[in-house]
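Chemist: Okay, here's the structure, questions in a sec.
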Amino acid sequence: MAISKRIVLHFPKRLVERPIVSRLVKDYNLDFNILKASVTPEEEGLLVLELSGKQGDYDKGIRYLTKTGVRIQSLSQDVIRNEERCTHCGACITICPTGAFELEPLTRRVNFYDERCLACGLCIKACPPRAMELHF
Ligand code: SF4
Ligand code: SF4
């Protein structure tokens with residue numbers, strides 16, 4: 001059975017330069033479409049992929065990624081902002097790889113555009129008052 005899933009891959013610094021994703025095509029017969037790629041301030045690589053192929057190949061490919069040290073996150077979770085907690089400090093703006101936060105110049109408020117959010121979770125740790133929450 002063919003499947004297609006959107007996932008986020010977190011590459012630790014030591015793996016950022018390695019051709020890991022290309023092996024998914026060569027060794028596991030999977031197709032991928034890169035939806036977003038970035039390097040975080042801690043130099044972790046972040047890749048949002050649509051990965052498709054046969055279920056068995058997909059499972060093997062995921063096992064290969066996990067074994068090499070890549071952290072995988074599915075996009076079936078949702079990140080929301082607890083508006084009562086947000087102090088509009090701006091700490092999340094540069095952290096977010098998709099530009100989901102923007103500073104409103106006149107009011108100095110930080111707007112959150114949840115339609116841009118890929119649920120990578122990076123802003124959760126970065127937010128001092130813990131206003132960003134992960135929901136499953
Ligand atoms: S880091 Fe947290 S408190 Fe600061 S603007 Fe972003 S969501 Fe609001
Ligand atoms: S989880 Fe946070 S950092 Fe990640 S894309 Fe969504 S808003 Fe941006």
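The values are calculated or read from the model by the stated rules, or taken from the named source; none is laboratory data. What you see is a predicted model, and the numbers here were worked out from it, not measured in a lab. Because the Cβ atoms are built from the backbone with ideal geometry, glycine has one as well, and the counts that use them run over all protein chains shown. Ligands, DNA and RNA are excluded from the accessible area calculation, which covers all protein heavy atoms including side chains. Shrake-Rupley method; radii C 1.70, N 1.55, O 1.52, S 1.80 Å.
Chemist: Can you give the net charge of the other residues whose Cβ lies under 12 Å from the Cβ of K5, counting K and R as +1 and D and E as -1?
Modeler: -2
Chemist: Calculate, in nm to one decimal, what S4 and I34 gain on full extension: separation in residues at 0.36 nm each, minus their alpha carbon distance.
Modeler: Numbers: separation 30, 0.36 × 30 = 10.80 nm, distance 1.29 nm.
So the extension gain works out to 9.5 nm.
Chemist: Hey, another quick one. Quick one: helix 55-68 against the long Cα principal axis of the chain, what's the angle to the nearest 10°, folded into 0 to 90?
Modeler: Once rounded, one gets 70 degrees.
Chemist: Can you give me the accessible area per residue for the chain, using a 1.4 Å probe, in Å²? Each step should come with its number before you reach the end.
Modeler: Numbers: 8210 Å² over 136 residues.
In whole numbers, the chain has 60 Å² accessible per residue.
Chemist: Which distance in nm do the two modelled labels at S22 and T87 give, with both placed 7 Å along the Cα-to-Cβ direction?
Modeler: Here the modelled spin labels are 4.7 nm apart.
Chemist: In whole percent, and with a 1.4 Å probe on the protein chains, what portion of the accessible area of the chain is carbon and sulfur? Kindly include the intermediate steps, with their values, before the conclusion.
Modeler: Values: 4180 of 8210 Å².
Of the solvent-accessible surface of the chain, carbon and sulfur hold 51 percent.
Chemist: Among C120, C86, C96, which one moves the most in a GNM of the chain with springs linking Cα atoms closer than 10 Å?
Modeler: C86
Chemist: As an exercise, identify the GluC sites (Glu not before Pro) in the stretch 78-136 lying in DSSP coil whose Cβ has no more than 12 other Cβ atoms within 10 Å.
Modeler: Hits after loop and neighbour filter: E83, E84.
Chemist: Looking at the chain, identify the longest residue range that excludes and avoids all trypsin sites (Lys or Arg not before Pro) in DSSP loops having at most 16 other Cβ atoms within 10 Å.
Modeler: Counting only loop sites that pass the neighbour cut-off, the longest clear stretch is 1-84.
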